[in-house]
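The values are calculated or read from the model by the stated rules, or taken from the named source; none is laboratory data. All values derive from a computational prediction rather than experimental measurement. Cβ coordinates were reconstructed from backbone atoms using ideal geometry, including for glycine residues, and neighbour counts include every protein chain displayed. All accessible areas refer to the heavy atoms of the entire protein, side chains included, with ligands and DNA or RNA removed. Shrake-Rupley method; radii C 1.70, N 1.55, O 1.52, S 1.80 Å.
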Amino acid sequence: MSMEAGFELGFASLSNEVTDRSLAVEGSLPDWLDGALVRNGPATFEAGGERVEHWFDGLAMLHRFAFDGREDAVRYTNRSLRSETYRRAMETGEISGQFATGGGYLRRIRQLLFGDPTDNCNVHVARVDGSLVAMTEVPRYVACDPETLESRGEFAFADALTGHVNCAHVLPDPHRGETIGLLTTFGRPSEYMLYRLPDGSRSRERIGSVTIEDPAYLHSFALTERFVVLTEHPFVTTPASFLLPGRDSFVDHYDWRPERGTRFHVLDRETGERVATAVTDPWFVFHHVNAFEAGAGPNGDGDADELVVDLVAYPNADVVDGLYLTEAADWFESGRDGHLRRFRVPLGGGPVASEPLYDGCELPRVAPGDRTKAYRYVYAQGAATRDGNHVAKVDVTTGESHRWEESGLFVEEPVFVRAPDAERPSDEGVVLVTALNTNERRTDLLVLDGETLDERARAPLPHAVPFGFHGRYLEE
Ligand code: CO
């Protein structure tokens with residue numbers, strides 16, 4: 001693969017690490033910004049001369065951008081996650097047990113079904129009881145120092161909940177002081193199990209579950225004030241297939257079965273009871289944006305009679321194949337199939353309605369305070385061309401949108417931080433977004449105005465960071 005063309009730099013390994021480096025800022029930062037943006041993503045794509053096959057399989061690296069109220073400085077630290085998978089890769093030259101990279105299926109089956117799955121936690125981060133915890137799609141977690149990002153070994157919850165597949169997108173609900181999460185357990189039948197984790201606790205509590213014969217690959221879910229929404233697209237597996245030869249990796253065990261349609265399962269957050277299931281056309285989803293309760297109830301009693309669920313839908317699961325590194329040249333094509341859509345899920349039966357909000361985007365974000373509430377603004381990564389991509393801002397109440405873009409720049413997930421004095425659903429604040437700057441062959445941290453998307457500040461990094469996944473802004 002040529003390293004000359006630009007965006008391929010986003011799939012090139014990064015091993016350079018810096019500690020608490022002061023980055024020069026062009027422009028100026030708001031003086032109220034005093035937290036830290038922590039991001040996760042794959043950064044090492046080779047071991048022993050072999051390259052991993054899928055973007056999702058690169059070894060994790062964490063990045064931290066610390067703001068301390070100064071207008072002209074950001075402090076930057078990055079660390080490869082010292083997971084067992086990382087240590088083994090460095091010692092043996094082999095990256096094993098991953099999402100889509102082949103080799104040794106029997107070992108992987110045992111890893112998946114009998115423990116010891118990969119701990120290459122490269123998808124997301126969460127703050128649990130004072131720890132920074134790196135997460136991936138199997139239930140193994142690595143604890144990290146929230147400031148230095150040094151790995152502190154395996155993180156263990158103080159409960160007995162288990163599963164085979166972990167939803168790396170846990171959802172903190174600041175209005176309720178808890179985080180909701182999801183584990184899938186393979187069996188006869190299989191089970192999607194929801195849990196709550198009270199703030200300040202390491203002990204998860206089971207809320208309820210949905211049992212299912214052929215479980216789907218669930219990458220995220222949605223939350224309203226009273227309900228959890230599990231969106232079950234027809235990208236499903238037969239757990240017994242993990243015991244049969246012939247398929248080489250985790251994701252090879254999943255098949256697209258459009259005849260099943262896509263289902264919304266609605267569960268009561270308090271009782272765990274399933275209160276509705278609605279079926280609609282088949283489409284695929286990685287990321288939900290937000291959800292909330294709407295309608296005045298069939299009797300006008302004020303209770304919600306439908307849920308509004310906003311998410312990025314794909315026509316099918318081809319996007320998963322589009323993210324193989326052998327097809328990285330086509331990577332930017334796959335993003336065009338991601339459509340921000342609004343679904344209206346009736347609680348009392350009836351059809352699911354939907355409407356388009358924005359075409360060609362991924363990695364959608366809302367202010368954490370807007371979660372579970374009627375809201376207004378989404379920020380997302382716009383689909384790329386060979387020349388770059390854009391930050392998209394969408395007003396979901398009007399469908400209006402605008403964008404920030406610059407030739408040669410590929411932005412990652414845009415994280416909106418609302419100004420401390422601003423009230424929901426205001427867009428007063430800033431958008432923190434890293435961007436691969438292919439003109440300068442480095443990554444820049446951009447600070448955009450939340451209202452206009454005008455650039456307020458830019459801090460060049462000392463290296464190019466490969467394309468990553470998710471991050472959180474952690475208040476100090
Ligand atoms: Co994700």
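Structural remarks
- The stretch between residue 353 and residue 17 holds 116.1 nm of extra length on full extension. This uses 0.36 nm per residue minus the Cα-Cα distance.
- Modelled FRET efficiency - R0 22 Å, residue 318 with residue 241, Cβ distances, 0.05 increments: 0.65
- List 446, 347, ordered by accessible area with a 1.4 Å probe, largest first: 347, 446
- Zone residues, the range 357-401, relative to residue 439, backbone N less than 15 Å from point 7 Å out along Cα-to-Cβ: 387-390
- Residue list for the range 212-233, given a label point 7 angstrom along the Cα-to-Cβ vector of residue 188 and an amide N cut-off under 20 Å: 212-216
- Charging the Cβ of each Asp and Glu at -1 and of each Lys and Arg at +1, and nothing else, the dipole of the chain about its Cα centre rounds to 1100 debye.
- Hz values of 3J(HN,Hα) by residue in the range 154-166 - Karplus curve (6.51, -1.76, 1.60), Gly and Pro given as x: 5, 8, 10, 6, 8, 8, 10, 5, 9, x, 9, 10, 9
- The stretch between residue 162 and residue 268, if pulled fully straight at 0.36 nm per residue, gains 36.0 nm over its current Cα-Cα span.
- Ordered by solvent-accessible area of protein heavy atoms (1.4 Å probe), largest first, the residues 90, 135 come out as 90, 135.
- With all protein chains in place and a 1.4 Å probe, the accessible surface of the chain carries 45 percent carbon and sulfur.
- Value of relative contact order over the range 3-373, rounded to a whole percent, pairs C-alpha under 8 Å and six or more apart: 11
- Residue-averaged [θ]222 nm for the chain, counting only DSSP H segments that reach four residues, each worth -39500 (n - 2.57): -1500 deg cm²/dmol
- Here's the picture: charge each Lys and Arg Cβ at +1 and each Asp and Glu Cβ at -1 in the range 3-373, and of 280, 27, 134 the one pushed furthest to the positive end of that dipole is 134.
- With a cut-off of 15 Å on the backbone N, the residues of the range 358-401 near the modelled label site 7 Å out from residue 176 along Cα-Cβ are 369-374.
- For the range 377-419, a crude dipole built from +1 on the beta carbon of Lys and Arg and -1 on the beta carbon of Asp and Glu, taken about the Cα centre, is about 80 debye to the nearest 20.
- Per residue, the chain exposes 37 Å² of solvent-accessible protein surface, assessed with a 1.4 angstrom probe and all protein chains in place.
- Distance between the C-alpha centres of the range 28-95 and the range 409-476: 16 Å, rounded to the whole angstrom.
- Ranked order, 209, 407, 131 - accessible area, probe 1.4 Å, largest first: 407, 209, 131
- Grouping the Cα pair distances of the range 326-431 into 10 Å bins from zero gives a pair-distance distribution of 14, 40, 30, 13, 2 percent in increasing distance order.
- Shape of the chain, Cα gyration tensor, a/c cut at 1.5: rounded
- Global geometry of the range 387-462, whether rounded, prolate or oblate, following the gyration tensor of its Cα atoms and the 1.5 cut on a/c: oblate
- Accessible surface of residue 32 - all protein chains present, 1.4 Å probe, nearest 10 Å²: 70
- Computed magnitude of the charge dipole of the range 14-102 (debye, nearest 20; Cβ of K, R +1, Cβ of D, E -1): 200
- Residue 255 versus residue 94: modelled label distance in nm, points set 7 Å from Cα along the beta carbon direction: 3.0
- Length released on extending from residue 422 to residue 455, taking residue separation times 0.36 nm less the Cα-Cα span: 9.9 nm
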